[in-house]
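Chemist: Sharing a structure here in structure tokens format.
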Amino acid sequence: MVLEIISVYFYRNKKLIFDNFNLKLKKSQIMILIGSNGAGKSTLFDIIVGILEPNNGIIKLDNIMIEELSAKKRKMFTYLPHKDSLKDNLTIEENLISWINISGNILNKDQINRSLEYYQLSELKKKFVANLSQGQRKKVLLTKLILAKTKLWLLDEPFNGLDADSIKKTKKLIENHAKNGGSTLLSNHLDLSIKNSKKIFLQPIKKSRDIVKFETWDDIR
Amino acid sequence: MKSDFYILMSREISIGIKNFFVLYTFASFFIISILIFVFAIGSDLIAKNNIYEPIIWVLLIFSVMLVSENFVSNDCNDGSLKELQFLGYNEELIILCKSITMWIMILLPMIALMPIVSIFFKIDYVDIFYLFINFLFATPSLVLLSLVSSLFSMQLKRNKIIQFIIILPFYIPIIIFTSSSKKFALENNLYNNNFLILIGIFFITLPLCLYTSRLIMKEINK
Amino acid sequence: MIFKFANPLKFQRFTKQIQPFALSLSIIFLFFGLFFGFFRSPPDYLQGETVRIMYIHVPCAWFSLMIYSVIAMCSIFSIAFKHTLADIISRSCAPIGACFTLATLVTGSIWGKPTWGTWWVWDARLTSELILLIFYISLIIINNAYENKEKGDRYAAILAIIGIINLPIIKWSVDWWSTLHQPASISKLSSPSIDNSMLVPLFIMTFSLFFFFISVLLLRIRGEIIQRKIDVIKFSHVR
């Protein structure tokens, strides 16, 4: 099992977001989280990578608990969050080099040049990221997937702000990754079709709490 | 296999070099505010009473606090602080690398600025040596405390001045032992050993600031 | 014993039962303390009748330090175990501590005017008390600065932890600084031997202020629990 989420409970701002949530991601499987805004898609990704601690429940990557992998986990997944974490005053190329360094890969100039061609960013590679449009920034972010060598991809709304051609290319990228034995968990607010994919519909929990109980101190946090 | 420290340091420095503009703003803010003090007090009075030390240190504290915002808030706003955290880098190490970079980038060039300041205030050659020593041993703790204060203010949307209220009391020991070394010389005969206390304060500030910044950084993403 | 109160409702009931006792004990002790202080204790041979302000001033100064240590312990507890009660206690302690510190400063300067001739001296004790007041104020500010109450609690706890380690250093350096600026003759406030006739009202007043602190603290804790319950109910109905 590449990724396992076992009975996760999570509260945020006194609101229950995950109520006994379970998920299992196998090898070469694509899973799409579909849900409206505020359903907790980004929160789920933050919980998986270990930034947020769930109130209850277990998360395992490759059958190891997430708390036990400290520096090792950067070799296990590639997470593209909603905030693109690109530095405005660096060029596209420098941004990618910086990302390769911190994600523990080995630098290779040819690979970067080849990967930039996939989304036709080669002419722009000396341009500062501050001058790019929203879609172009997203393409720079997705170029990281080509350079990544991890088995698990976690993509938070990867199709936001992309044109139709790039969406097709990204889908192809994800399908190829699955063919090579990698697995992908991605989120989207609309339904979309990717070959051999499994869909999970997330909904904001509307538990009727007419009778509010104050039995433990955590209830009034 | 490169160590985490090396990776983070090279990242910080490569970003810091691109941000070289910060140094200009820092240095010009420092010089301009010295000018304001000279106009307010009068150049003769400063030279006669030798009150250049408090002026320099107070201005240094404020300018370091204002500059430290650049080193943290950019990373926090574009999500790369979060990226470093989920890639499994140690929070203490991140802040340590940031403070070392800030010290090298911003405060070491200030030593080159000190001769100009000494001309302004007509400081003796002997005194400027002690100014250098105090500078070397007091500024690391200044940098660490200012980074903690800007981490505190990261999530304050409305009122950024709160960071000054929170952290200024902690600068009291540093400012006492840096700005009154002349008076120590007259009464306590501690002129030469004053910097030992500053080193002591630094070794208390270092673990404290690293630990608290780790606690704050865990809170930021919630 | 602790598990008996591991429930906000039971704790709330407990505070409701205890609080009147503490308040009445405080009033009784206050009555006796003032009586002994005004009528049964001699005036000082140097300072005359002005020494009677000591019965307010000294206990307030003790409590200003004690409440800070309560906040510090609660902060460590809150960082380590994330218990809500620790957050609630430290949040409700901070304004009380600030009031005690302010009372210390005000009574001190009222006492200082006839004895020293000035309202304010940059003496080591006065300065460090002022810094303590600033510290309490910054704790109160940071408790309320964030939109999220939990976040305010956590940040205040972190600040208090920095304070525990740094306040002694600040105190020590201020001591050094003040001996540098003026001779230490002024700070002989407390003569080493106090007569029993003065010590008795001092201790009675200390007990009175202690029970006053307890009763106000319980009141504030109860208010805080009720406030949090209201917040929870509001959030559970608004989706």
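Chemist: Within the range A:16-63, count every residue that is within 14 Å of chain B (Cβ to nearest Cβ), over 24 Å from residue B:80 (Cα atoms) and buried (at least 17 other Cβ atoms within 10 Å of the Cβ).
Modeler: 1
Chemist: Oh, and also: In the range A:148-172, what count of residues is obtained for those that are assigned to a helix (DSSP H, G or I) and open to solvent by less than 20 Å² (accessible area, probe 1.4 Å)? Can you show your working first?
Modeler: First pass over the range A:148-172, keeping only residues assigned to a helix (DSSP H, G or I): A:164-172.
This time we only want the ones that are open to solvent by less than 20 Å² (accessible area, probe 1.4 Å), so: A:166, A:170.
Summing the residues that are assigned to a helix (DSSP H, G or I) and open to solvent by less than 20 Å² (accessible area, probe 1.4 Å) in the range A:148-172 gives 2.
Chemist: Of all residues in the range B:21-40, which are free of Cβ contacts under 8 Å to residues at least 12 places away in the same chain and hydrophobic (A, V, I, L, M, F, W, C)? Please lay out each step first, then the result.
Modeler: First pass over the range B:21-40, keeping only residues free of Cβ contacts under 8 Å to residues at least 12 places away in the same chain: B:21, B:24, B:28, B:32, B:35-36, B:39-40.
Hits for the range B:21-40 are B:21, B:32, B:35, B:36, B:39, B:40.
Chemist: Oh, and also: Can you find a residue in the range A:123-138 that is more than 17 Å from residue A:97 (Cα to Cα), open to solvent by less than 40 Å² (accessible area, probe 1.4 Å) and either modelled with pLDDT under 85 or in a loop (DSSP other than H, G, I, E, B) (or both)?
Modeler: Within the range A:123-138, one or more residues are more than 17 Å from residue A:97 (Cα to Cα), open to solvent by less than 40 Å² (accessible area, probe 1.4 Å) and either modelled with pLDDT under 85 or in a loop (DSSP other than H, G, I, E, B) (or both).
Chemist: Name every residue in the range A:92-117 that is of a type in the set (A, V, I, L, M, F, W, C), in a helix (DSSP H, G or I) and within 11 Å of chain B (Cβ to nearest Cβ), in order of residue number.
Modeler: Step one: list which residues in the range A:92-117 are of a type in the set (A, V, I, L, M, F, W, C), which gives A:92, A:96-97, A:99-100, A:102, A:106-107, A:112, A:116.
From the residues that got through so far, the ones that are in a helix (DSSP H, G or I) too are A:92, A:96-97, A:99-100, A:102, A:112, A:116.
A:97, A:99, A:100, A:102 - these are the residues of the range A:92-117 that are of a type in the set (A, V, I, L, M, F, W, C), in a helix (DSSP H, G or I) and within 11 Å of chain B (Cβ to nearest Cβ).
Chemist: Ok, one more. Which members of the range B:1-54 meet the condition of being more than 14 Å from chain A (Cβ to nearest Cβ) and hydroxyl-bearing (Ser, Thr, Tyr)?
Modeler: If the condition is that a residue be more than 14 Å from chain A (Cβ to nearest Cβ) and hydroxyl-bearing (Ser, Thr, Tyr), then B:24, B:25, B:28, B:33, B:43, B:52 are the ones that fit.
Chemist: Same structure, new question: Being free of Cβ contacts under 8 Å to residues at least 12 places away in the same chain and facing another protein chain (nearest Cβ under 9 Å): is that true of residue C:170 here?
Modeler: Numbers: free of Cβ contacts under 8 Å to residues at least 12 places away in the same chain: no; facing another protein chain (nearest Cβ under 9 Å): yes.
Criteria not met by residue C:170.
Chemist: Select from the range B:91-113 the residues that are modelled with pLDDT under 90 and surrounded by fewer than 18 Cβ atoms within 10 Å (Cβ to Cβ) and list them in ascending order.
Modeler: Across the range B:91-113, the qualifying residues are B:108, B:109, B:111, B:112, B:113.
Chemist: Any idea which of A:203, A:120 is within 14 Å of chain C (Cβ to nearest Cβ), of a type outside the set (A, V, I, L, M, F, W, C) and surrounded by fewer than 19 Cβ atoms within 10 Å (Cβ to Cβ)?
Modeler: Working: A:120 fails: within 14 Å of chain C (Cβ to nearest Cβ).
Every option except A:203 fails the conditions.
Chemist: Could you check, for the range B:149-164, whether at least one of its residues is touching a Ser or Thr at 6+ places or on another chain (Cβ under 7 Å), crowded, with 19+ Cβ neighbours inside 10 Å and more than 14 Å from chain C (Cβ to nearest Cβ)?
Modeler: No, every residue in the range B:149-164 fails to be touching a Ser or Thr at 6+ places or on another chain (Cβ under 7 Å), crowded, with 19+ Cβ neighbours inside 10 Å and more than 14 Å from chain C (Cβ to nearest Cβ).
Chemist: Any residue in the range C:34-56 that is open to solvent by 30 Å² or more (accessible area, probe 1.4 Å), in a helix (DSSP H, G or I), away from chain A (no Cβ under 14 Å) and closer than 29 Å to residue C:90 by Cβ?
Modeler: Scanning the range C:34-56 turns up at least one residue that is open to solvent by 30 Å² or more (accessible area, probe 1.4 Å), in a helix (DSSP H, G or I), away from chain A (no Cβ under 14 Å) and closer than 29 Å to residue C:90 by Cβ.
Chemist: Output the number of the condition that residue A:68 fails; it satisfies all remaining conditions of (1) in a loop (DSSP other than H, G, I, E, B); (2) facing another protein chain (nearest Cβ under 8 Å).
Modeler: (2)
Chemist: Would you point out which residue out of A:186, A:173, A:86 is touching a residue at least 60 places away in the same chain (Cβ under 8 Å) and within 21 Å of residue A:45 (Cα to Cα)? Explain how you work it out, then say what you get.
Modeler: Numbers: A:173 fails: touching a residue at least 60 places away in the same chain (Cβ under 8 Å); A:86 fails: touching a residue at least 60 places away in the same chain (Cβ under 8 Å).
Only one candidate passes the filter, namely A:186.
Chemist: Tell me, which residue of the range B:114-148 that is of a type in the set (Ser, Thr, Tyr) and under 30 Å from residue C:141 (Cα atoms) is surrounded by the most Cβ atoms within 10 Å (Cβ to Cβ)? Spell out the reasoning first.
Modeler: So in the range B:114-148, the residues of a type in the set (Ser, Thr, Tyr) come out as B:118, B:125, B:130, B:139, B:141, B:146.
Still in the running and under 30 Å from residue C:141 (Cα atoms): B:139, B:141, B:146.
Numbers: B:139: 24, B:141: 24, B:146: 27.
Within the range B:114-148, the match that is surrounded by the most Cβ atoms within 10 Å (Cβ to Cβ) is B:146.
Chemist: A further question follows. Spot the failing condition for residue A:215; the list is (1) among the charged types (D, E, K, R); (2) in contact (Cβ under 8 Å) with a residue 12 or more places away in the chain; (3) outside any helix (DSSP H, G or I), and only one is missed.
Modeler: Only one criterion is unmet by residue A:215, namely (2).
Chemist: Which of (1) part of a helix (DSSP H, G or I); (2) more than 10 Å from chain B (Cβ to nearest Cβ); (3) closer than 30 Å to residue C:47 by Cα does residue C:140 not meet, given it meets every other one?
Modeler: Looking at each condition in turn, residue C:140 falls short on (3).
Chemist: Being surrounded by 20 or more Cβ atoms within 10 Å (Cβ to Cβ), within 13 Å of the chain's Cα centre (by Cα) and in contact (Cβ under 8 Å) with a residue 40 or more places away in the chain is the requirement here; does residue C:95 meet it?
Modeler: So residue C:95 does not fit the description; no.
Chemist: Now for a different question. Pairs, please: C-beta under 9 Å, at least 6 apart or cross-chain, first residue under 17 Å from residue A:82 (Cα atoms) and in the range A:122-135, second open to solvent by 90 Å² or more (accessible area, probe 1.4 Å) and assigned to a helix (DSSP H, G or I)?
Modeler: none
The values are calculated or read from the model by the stated rules, or taken from the named source; none is laboratory data. Please read these numbers as outputs of a predicted model, since none were measured by experiment. Backbone-built Cβ (ideal geometry, glycine too); neighbour counts: all protein chains shown. Ligands, DNA and RNA are stripped out before the accessible areas are found, and what is left, the full protein with its side chains, is counted by its heavy atoms. Shrake-Rupley method; radii C 1.70, N 1.55, O 1.52, S 1.80 Å.
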